[in-house]
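> First, the structure itself, so that you have it in front of you.
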Amino acid sequence: MATAYLDPNLNHALLGGAKSRLSAGGSDRTMAGSVDRVLKVFHHFETNTENSCWSSNIRYGDATDVRGIIQKILDIHKVRWTSCFGLRLSNSQSRDQVHWLHPDMGVSHVREKYEQARPNEEWRYELRIRYLPKGFVQQFTEDKPTLNYFYHQVKNDYMTEIGDQVEQDVALKLGCLEIRRFFKEMRGNAKTLRKLIQQTFKQVANLNDEQCILKFLEILAPIYRYDKECFKCALGSSWVIQVELAIGPEEGISYLTDKGSTPTHLANFNQVQSIQYSATEEKDRKGMLQVNVAGAAEPLTVTTASLTMAENLADLIDGYCRLISMETHSFIVRVQKEGERTDDYAEIVDEEDTYTMPSTRDYEIQRDRIELGRCIGEGQFGDVHQGVYNSPDKPALPVAIKTCKNCTSDSVREKFLQEALTMRQFDHPHIVKLIGVITENPVWIIMELCTLGELRSFLQVRKYSLDLATLILFAYQLFLPRRDIAARNVLVSSVDCDSSYYKWMAPESINFRRFTSASDVWMFGVCMWEILMYGIKPFQGVKNNDVIGRIENGERLAMPPQCPPTLYSLMTK
C-alpha cells in the first residue's frame, strides 16, 4: 500500500483561502491544545504500486476544511488546475452511498456527519477530477500532473465500469497504447505477443507517452462519456417530466428524455446566479434543486430521488461555476431550516428626515476581519456583497456587506450610515440584524447574510405565505413606515422609491410622496395579492405611469383563484 504522510504544518496547508466556512472551527491555524488527526485519501498520482492502492494520509486540525485537504495533496504534486479537483466520499458496502464534499465543509464536520452513521472502515475518501474546462484535453497537456491524473482516473473507471463490455478491437487498441506507454524503451519485443496484438501495436509504436494518453482518451470517448455526469431526475417540482440531466463542459446544463435523443440545452455555467437544494415536504423526502439562471423568468427546478443526489448535483454545478468564473466563493445558497431566522436587507431611506451617525463604537469592526466576496445585490447607495466575518467569538461567520458607492463627502457618508443607526433599533427574527460598521473610507455596513432570496422566485416552489403580517405589525409599533412593501423586497430589498414601485404604492404616496401606516396597509394588500397569485406582478402589462389613473378611476386587482371572498373583500377595503 502506497501511503505517504504529508507535512503536518496546518498553517502552510491552509494558505490560499482554504478556511473552513461551514464548520464550527476557528481560524486556519491549529489552536493551542488541539490534536492533529489523520484522513486517508485515495488518489491517482503514480507510485510503484497498483493504482487502486495509491493513497496519502493527511494530517488535519479542527479548522481544516475539504479545500485544505485537496490543496495539501495537489501542492505536493505541483498541480496547476486545482479548481478541477473535488473530494468524494463513497461507501464500500453500498454503491448508492456517494457524497461529494463541498470545499467549504469542515473535515471534522464531515467525519462526524457520515462516519457515525456507518463504520469508519466502510468509507473511502477519493480525490477526483470532476470539473472540466472546455477543451480540457488540450488544456491538460500544458499541466502534465493533471493530464496523467485524469488518464489514470478514466482508465480505472473504464476498467471498473465497462472494461468487459467493449469490442475486442477497441480493447486491443487501448491495451497496446498502455503497453507502449509503460514500456518506453521497448525494441522488437512484439514478436512474443499474439499476432493480433502485434498488428495493433505497430499502429502505436511511434507514439510517445503524452500521445498515448491522448489517443487513449480519443478512442474511449465515443463509447464512454468520461467528460460528463448524468442524473436521473425530473424537471419541475413534481415527478412530471422524467429526464436524464447531463452536466459537462460542452453541454453545460442539459437534459435528455431518452438515451437516443438529442440533448436539450438549459443553461450555461456563466449564466448561473445562485443554487439552492432542499428536501421536499413529502413523506418520501425527495430532493429539490433550484438554479437561478440569468435572463430566465423563473428558476430551473429539478426533483431528485433523494436529498443526497440533489446535494451532489448542486456541488457539481457549483464547481463548474467556480471554475468558469475563477471564484473560490460558492454559488450555493443555504436554505434555512424551519424555525431558523429569516432575514431582510431593508434599505430604509427617507430623504426628508435627518439622522445622526452611530455615536457609539460598539459596532465598529476591523476591516482585516472581513473577507469581501461576490456581489449579490444592488442598492440606492451601495452594493451588497457576500462575505465572511472572522470575529473572536464566531470565526468564519457568513455575512452580507453593504458598500458605499460615493462616500467621499461627509454628507453622503452620513446618509449611508443612517441605515445602520435605524437597524440598531430592531431585534426581530424577520428583520436583518446589524453586525457592525466600518466608518472609515471605504465605508461598509456588515449585516446578517440572507439565504432565502426574493419571495417572488421563492413562491414558485414554496406555495405558502411567510409571516409578513408580523413584520408589518412590528414596524408599525416602532412608528417606522415601511414604504416599499412588495414580494421582491420581502427577504431581500433594493430600495429606490421611483416609478418602478407605483404598482404597489397607495395613491397618496404616488401623488404626494406621503408614507404612513395607512399607505403601508395598501401596499400590504397588494403584496398579499402577489402571494396569492404565486408571484405574478400586479397590473401586469400596464405602464408604471398609467397605474395612478386606473386606481383613481376605481380599478382594483382581480380576485386571485382559490382566494376566499371574505379575504378578498378585506384586501380591497
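The values are calculated or read from the model by the stated rules, or taken from the named source; none is laboratory data. From a predicted model like this one, the values you see are computed outputs, not experimental measurements. Cβ coordinates were reconstructed from backbone atoms using ideal geometry, including for glycine residues, and neighbour counts include every protein chain displayed.
> Give the number of residues within region 417-465 that are modelled with pLDDT of 70 or more and of a type outside the set (A, V, I, L, M, F, W, C).
The qualifying residues number 13.
> In region 544-560, which residue that is free of Cβ contacts under 8 Å to residues at least 24 places away in the same chain and either out of contact with any Phe, Trp or Tyr (no Cβ under 8 Å at 6 or more places or on another chain) or in a loop (DSSP other than H, G, I, E, B) (or both) is surrounded by the most Cβ atoms within 10 Å (Cβ to Cβ)?
Met559
> Now for a different question. What are the pairs with Cβ atoms under 6 angstrom where one residue, in region 99-117, is touching a residue at least 12 places away in the same chain (Cβ under 8 Å) and the other, located anywhere, is part of a helix (DSSP H, G or I)? Sequence gap at least six, or different chains.
Trp100/Asn312; Trp100/Asp315; Leu101/Val66; Leu101/Val110; His102/Asp315; Pro103/Val66; Pro103/Arg67; Met105/Val66
> Take the residues in region 391-408 that are touching a strand residue (DSSP E or B) at 6+ places or on another chain (Cβ under 7 Å) and β-branched (Val, Ile, Thr); name whichever of them is surrounded by the most Cβ atoms within 10 Å (Cβ to Cβ).
Kept after step one, since they are touching a strand residue (DSSP E or B) at 6+ places or on another chain (Cβ under 7 Å), are these residues of region 391-408: 391, 396-405.
Keeping just the survivors that are β-branched (Val, Ile, Thr) gives 399, 401, 403.
Values: Val399: 21, Ile401: 25, Thr403: 19.
If we take residues in region 391-408 being touching a strand residue (DSSP E or B) at 6+ places or on another chain (Cβ under 7 Å) and β-branched (Val, Ile, Thr), then Ile401 is surrounded by the most Cβ atoms within 10 Å (Cβ to Cβ).
> Now for a separate question. Out of curiosity, is Arg80 farther than 18 Å from Ser56 by Cα and not in a strand (DSSP E or B)? Let's see the steps before the verdict.
On the way: farther than 18 Å from Ser56 by Cα: yes; not in a strand (DSSP E or B): yes.
Yes; evaluated as a whole, the condition is true for this residue.
> Can you pull out every residue in region 51-81 that is surrounded by fewer than 20 Cβ atoms within 10 Å (Cβ to Cβ) and under 21 Å from Asn156 (Cβ atoms)?
Asn51, Ser52, Cys53, Asn57, Ile76, His77
> From the set of residues in region 93-119 that are within 18 Å of Leu313 (Cβ to Cβ) and assigned to a loop (DSSP other than H, G, I, E, B), which is farthest from the chain's Cα centre (by Cα)?
Once the filter is applied, the top-ranked residue is Met105.
> State whether the residues of region 231-252 include one that is assigned to a loop (DSSP other than H, G, I, E, B), among the hydroxyl-bearing types (Ser, Thr, Tyr) and in contact with a helix residue (DSSP H, G or I) (Cβ under 6 Å, 6 or more places away or on another chain). Working first, answer last.
We begin by selecting, within region 231-252, every residue assigned to a loop (DSSP other than H, G, I, E, B); these are 236-240, 249-251.
Going one step further and asking which of them are among the hydroxyl-bearing types (Ser, Thr, Tyr), we end up with 237-238.
Right, trim to in contact with a helix residue (DSSP H, G or I) (Cβ under 6 Å, 6 or more places away or on another chain) and you get none.
No: zero hits.
> Further question on the same structure: Any chance you could count how many residues in region 512-543 are surrounded by 13 or more Cβ atoms within 10 Å (Cβ to Cβ), under 39 Å from the mean Cα position of the chain (by Cα) and either in a loop (DSSP other than H, G, I, E, B) or not hydroxyl-bearing (Ser, Thr, Tyr) (or both)?
Here the count works out to 22.
> All but one of (1) under 24 Å from Ala297 (Cα atoms); (2) surrounded by fewer than 11 Cβ atoms within 10 Å (Cβ to Cβ); (3) at pLDDT 75 or above hold for Pro565; which doesn't?
For Pro565, the failing item is (1).
> Over 20 Å from Cys321 (Cα atoms) and part of a helix (DSSP H, G or I), is that true of Leu74?
Yes.
> Scan region 138-158 for residues that are of a type in the set (S, T, N, Q) and either within 15 Å of Leu174 (Cα to Cα) or part of a helix (DSSP H, G or I) (or both) and jot them down.
Hits for region 138-158 are Gln138, Gln139, Thr146, Asn148, Gln153, Asn156.
> Taking interchain pairs and intrachain pairs at least six residues apart, which have beta carbon atoms under 7 angstrom, with the first residue in region 363-375 and hydrophobic (A, V, I, L, M, F, W, C) and the second part of a strand (DSSP E or B) and surrounded by fewer than 16 Cβ atoms within 10 Å (Cβ to Cβ)?
Cys375/Asp383
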